[in-house]
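Just so you know, all these numbers are worked out from the coordinates, no wet-lab data involved. The model shown is predicted, which means the values in this text are computed figures rather than measured ones. Here the Cβ positions follow ideal geometry from the backbone for every residue, glycine too, while neighbour counts run over all protein chains shown.
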Amino acid sequence: MNGRGLVLAAALLLAPVAGVAADDAEGLGLANVKEFTLEHSRGLVAQAELLEAGLADYHALVAAHGGDYAAAWAAEGARLAERVHTIRALWLEASNHYETIEGIVAGIPETAKYDLILDAGNPGTESEDVAEYDLPLPDGTVLKRPGNLFHTITEPLFWGMDEKGVKLPADLNGDGKVTRGEVLFDANLGLGAAQGLVKWAKALDADMTAWKPNREDAFTSVVVMTPTVGDYFGEWKESQFISGEIGAFVAQSRLTDVEGIMSGCRRMYSQALSPVVAATDADLDSRIHAGFEELLALVGDTRAREAAGTKFGAEEADALGNEAQDIADRIVAMVLQAAAKADVQIRG
């Protein structure tokens, strides 16, 4: 065999090996994404169960005094205050577990319903993106389409921002003053919502356990969720951290959630899609990676500035949101280009 023939033979031998390696990398990446998602969905279940136990104790303390919050506070003030602080801490842990995987869960059509129920859905009074579930409460009341469990119901309730849920202003930190947010909240609603979180967290975990991730899921998730960053920046602007308005997103900065969601999008791309894209267009893959790094750097820097005490005005918040949206749109355009090259259809 001449030199040219040897080169051709070598090429024929190497080509299938390279293809197998790319397939192996993609399969391993998809498996890693699933394992990461399950780790946090199971963490969500565990924290939701602890939260339910905390609410059950809080509910029992109030019930022991015939539902009289003033009497319960007079007799069990220190214990009730400790319960409220613990409930808030458990809520944060549960919420952060979900936010870490929201960019994956919400981007897959088969699991997107859980995002509406747990974190992003509207009450039935709205015309779109309604969380399609009803919430039974311990007293037998059933709330029809009440909105998402984390930010419509429990966060405003536990932090005293839902005026209908406030049962008694109370000096929770013992400093002799009662400031806004220092309250005993509706135990019936709190326990029912915690029970709902456990139910739906377990349902999500069951579906994620059964999930068989594939290339189409990965492309769809990244394309659907990455461009939502502008909406999240808008919520950050409207939250108390920017405008002084009180409502949802009072437990922590919305930027914490943005960072978790966009990190999930980056993880899905880097682990599951990068091997596919790089196999045919290494330059495009590199530019997509760079786009995600730029986006996460912007979010991280803004969050760090806020944590250091920077006060952002509405104009600067808008500018940052627009910049994040521009980066996200560029990322999505490139990912769509890669999807076309891979002959992948984005699912609605």
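Where Rh is the Kirkwood radius over the Cα pairs of the stretch 24-211, the temperature 10 °C and the viscosity 1.306 mPa s, what D in µm²/s does Stokes-Einstein return?
It diffuses with D of about 92 µm²/s by this estimate.
For the chain, what is the calculated [θ] at 222 nm in deg cm²/dmol (nearest 500), taking -39500 (n - 2.57) for each run of four or more DSSP H residues and dividing by its residue count?
-22500 deg cm²/dmol
Between Leu28 and Arg42, 0.36 nm times their residue separation minus their Cα-Cα distance comes to what?
Details: separation 14, 0.36 × 14 = 5.04 nm, distance 2.08 nm.
Difference between extended and current length: 3.0 nm.
Could you give me the ³J(HN,Hα) list for the stretch 125-135, computed from phi with Karplus coefficients 6.51, -1.76, 1.60 and θ = phi - 60°, whole Hz, x at Gly and Pro?
Ordered by residue, 3J(HN,Hα) equals 6, 8, 8, 8, 6, 7, 6, 8, 7, 10, 10 Hz.
Averaged over every viewing direction, what's the projected area of the C-alpha convex hull for the stretch 134-194? Give it in nm², one decimal, please. Each step should come with its number before you reach the end.
Values: hull surface 16.5 nm².
Convex hull of Cα atoms, orientation-averaged projection: 4.1 nm².
In whole Å, what are the Cα extents of the stretch 56-160 along the three principal axes, biggest one first?
50, 28, 18
If the reach is capped at under 20 angstrom between alpha carbons, list the aspartates and glutamates near Lys144, excluding any in the same chain fewer than eight residues apart.
Within reach: Asp115, Asp119, Glu126, Glu128, Asp129, Glu132, Asp134, Glu155, Asp162, Glu163, Asp186.
Cα convex hull of the stretch 214-348: how many Å³ per residue?
Cα convex hull per residue, to the nearest whole number: 101 Å³.
Taking every alpha carbon pair in the chain, what does the distance histogram look like in 10 angstrom bins from 0, in percent?
Over the chain, the share of Cα pairs per 10 Å bin runs 5, 22, 28, 22, 12, 6, 3, 1, 1, 0 percent.
Which residue fluctuates most in the GNM of the chain (Cα springs below 10 Å): Gly291, Gly230, Gly176?
So, out of Gly291, Gly230, Gly176, the one fluctuating most is Gly176.
Alpha carbon centre of the stretch 109-147 versus the stretch 266-292: separation in Å?
35
If you line up the Cα atoms of the stretch 161-201 on their principal axes, what length do they span on each, largest first, in Å?
Each principal axis gives a Cα extent; for the stretch 161-201 these are 39, 19, 14 Å.
Which entries of Lys34/Lys113; Lys34/Lys341; Lys34/Lys202 have Cα-Cα distances beyond 20 Å here?
Check vs 20 Å cut-off fails for Lys34/Lys341.
Separation between the Lys202 and Ala340 pseudo-spin-labels, each 7 Å from Cα along Cα→Cβ, expressed in nm?
Each label point lies 7 Å from its Cα, and together they span 4.7 nm.
Work out, step by step, the length gained on full extension between His65 and Glu132: first 0.36 nm times the residue separation, then minus their alpha carbon distance; give nm to one decimal.
20.6 nm
Loop only by DSSP, 12 or fewer other Cβ within 10 Å of the Cβ. Give me the trypsin sites (Lys or Arg not before Pro) in the stretch 276-317 that pass, ordered by residue number.
Lys311
Starting from the Cα of Ala282, step 7 Å along the direction of its Cβ; do the same at Glu216; then give the gap between the two resulting points in nm.
Inter-label distance under the simple model: 3.2 nm.
Would you mind checking which residues have amide H under 5 Å from Leu184's amide H? H placed 1.01 Å from N; only 5 or more apart, or other chain.
The answer is Lys167, Leu168, Ala170.
Please list, short to long, the whole-number percent of alpha-carbon pairs of the stretch 33-85 in consecutive 10 angstrom bins beginning at zero.
In order of increasing distance, the bins hold 24, 36, 19, 14, 7, 0 percent.
Taking amide hydrogens as modeled 1.01 Å from N in the peptide plane, which residues meet the under 5 Å criterion relative to Val130, leaving out close sequence neighbours?
Asn122
Excluding residues on the same chain fewer than 8 positions from Lys177, give the lysines whose Cα lies under 25 Å from its Cα.
Cα-Cα hits under 25 Å: Lys164, Lys167.
In nm, what is the difference between 0.36 nm times the number of residues separating Asn122 and Thr179 and their Cα-Cα distance?
17.6 nm
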